[in-house]
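Beneath this line is the structure, given in structure tokens, with notes to follow.
Derivation of every value follows stated rules applied to the coordinates shown; laboratory data play no part. Please read these numbers as outputs of a predicted model, since none were measured by experiment. Quick reminder, even Gly has a Cβ in these numbers, built from the backbone with ideal geometry, and neighbours come from all protein chains shown.
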Amino acid sequence: MADHPIDRTGIAANDMTDLNDTTPAIDPATASESVTAAAKKESKRKEDRHFVTALARGLDVLACFRAFDSELGNAELAQRCGLPKSTISRLTHTLTELGYLQALTDPVRYRLGSSALALAPAAQQGADVLAVARPFMQELADLSQGVASLIVRDRGRMLIYENCQAESYLTLRVPVGSRVSGLNTAAGRAYLLALPASEQRQALTAFRTDDKLSAAMAEGVLSNCRDESRRLGCTTSFGEWLPDINSIALAFRPGPSLPPMTLSCSGPNAVVPPAHLLDKVRPLLQQHIRKIEAAFGVAA
């Protein structure tokens with residue numbers, strides 16, 4: 001997926017629109033926007049009587065921790081979650097008591113605790129997917145002369161899970177684990193098309209909320225994706241998310257009952273123009289998706 005160049009240790013520097021949360025400095029304007037966005041999200045959540053807000057807030061705190069941001073303080077967490085620092089302090093205290101966070105001193109910061117790490121075995125399926133997909137990804141990266149990326153959904157965004165790049169490809173990178181747009185990227189669009197109708201509506205709402213698009217605009221994107229998929233057999237994003245970055249993507253299921261993941265090829269227009277992706281890379285991407293699904297026993 002990624003509609004931008006990335007490798008195992010990072011993504012392109014021009015993807016900073018999605019990496020604001022990697023910067024420890026707290027900008028007042030950014031903090032205000034985070035609080036406003038969080039308030040709108042909270043309002044929608046309150047309309048759902050089955051939604052447990054306290055649980056959601058705790059999970060939001062845990063979701064802030066990434067491989068490249070393993071230690072965070074309450075001020076940073078408050079900014080990223082769009083919540084008052086007093087609320088964050090209660091959440092981090094509770095999570096620490098339960099073992100999901102470990103408190104550090106000098107200064108007071110937190111990192112994931114043993115209870116959170118104990119959940120890792122449940123994600124072993126992801127390691128199995130990488131073992132199968134990585135050789136295909138490298139072949140796609142070499143052919144495209146860009147980057148092949150494995151992407152998963154993370155609530156209202158798409159998260160870069162793994163990538164392989166062509167040996168000749170050079171770019172300034174930031175860490176894997178960053179999240180990107182769901183509606184403006186080829187990967188997010190491919191993910192939507194792989195979902196059954198009811199799940200697709202839920203994901204579309206989450207994506208448009210994060211991308212700050214109206215319902216009508218989101219429906220238009222989805223309709224165009226359907227038409228494009230019928231014509232091309234994949235989804236595309238040619239300079240739509242980031243200028244001069246092109247990408248194509250397809251989704252696959254790593255198991256009959258597991259959610260879809262997406263595989264994309266991308267790169268800068270000067271190296272990876274649309275014609276190259278569609279004429280040369282697309283047939284191999286389609287072929288490799290079939291092979292990956294066959295390896296996991298998913299019928300074509």
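Points worth noting:
- Taking amide H positions as modeled 1.01 Å from N, with prolines and chain starts lacking one, the residues under 5 Å from Gln102 and 5 or more places away or on another chain are Arg111, Leu112, Gly113.
- Note that the range 285-290 has calculated 3J(HN,Hα) couplings of 4, 4, 5, 5, 4, 4 Hz, one per residue in order, obtained from phi through the Karplus relation 6.51 cos²θ - 1.76 cosθ + 1.60 (θ = phi - 60°); glycine and proline are x.
- Amide hydrogen proximity for Asp154: with H placed 1.01 Å from N in the peptide plane, the residues at 5 or more positions away or on another chain lying under 5 Å are Leu159.
- Using θ = phi - 60° and Karplus 6.51 cos²θ - 1.76 cosθ + 1.60, couplings along the range 54-63 (whole Hz; Gly, Pro as x): 4, 5, 4, 5, x, 5, 4, 4, 4, 5
- Rounded to the nearest 20 debye, the dipole size of the range 218-300 about its Cα centre is 360 debye, using +1 on the Cβ of Lys and Arg and -1 on the Cβ of Asp and Glu.
- When the charge dipole of the range 132-237 is built from unit charges on Cβ atoms (+1 for Lys and Arg, -1 for Asp and Glu) and taken about the Cα centre, the candidate among Leu150, Cys225, Thr235 whose Cα reaches farthest toward its positive end is Cys225.
- From phi via Karplus (6.51, -1.76, 1.60), per-residue ³J(HN,Hα) for the range 202-217 in Hz, x at Gly/Pro: 5, 5, 4, 5, 5, 5, 5, 5, 5, 7, 6, 10, 6, 4, 5, 5
- Computed P(r) (all Cα pairs; the range 132-205; 10 Å bins; percent): 19, 43, 29, 8, 0
- Along the axis of the charge dipole computed for the range 149-300 (Cβ charges of +1 for Lys and Arg, -1 for Asp and Glu, origin at the Cα centre), the listed residues Ala203, Gly297, Leu263 are led at the positive end by Gly297.
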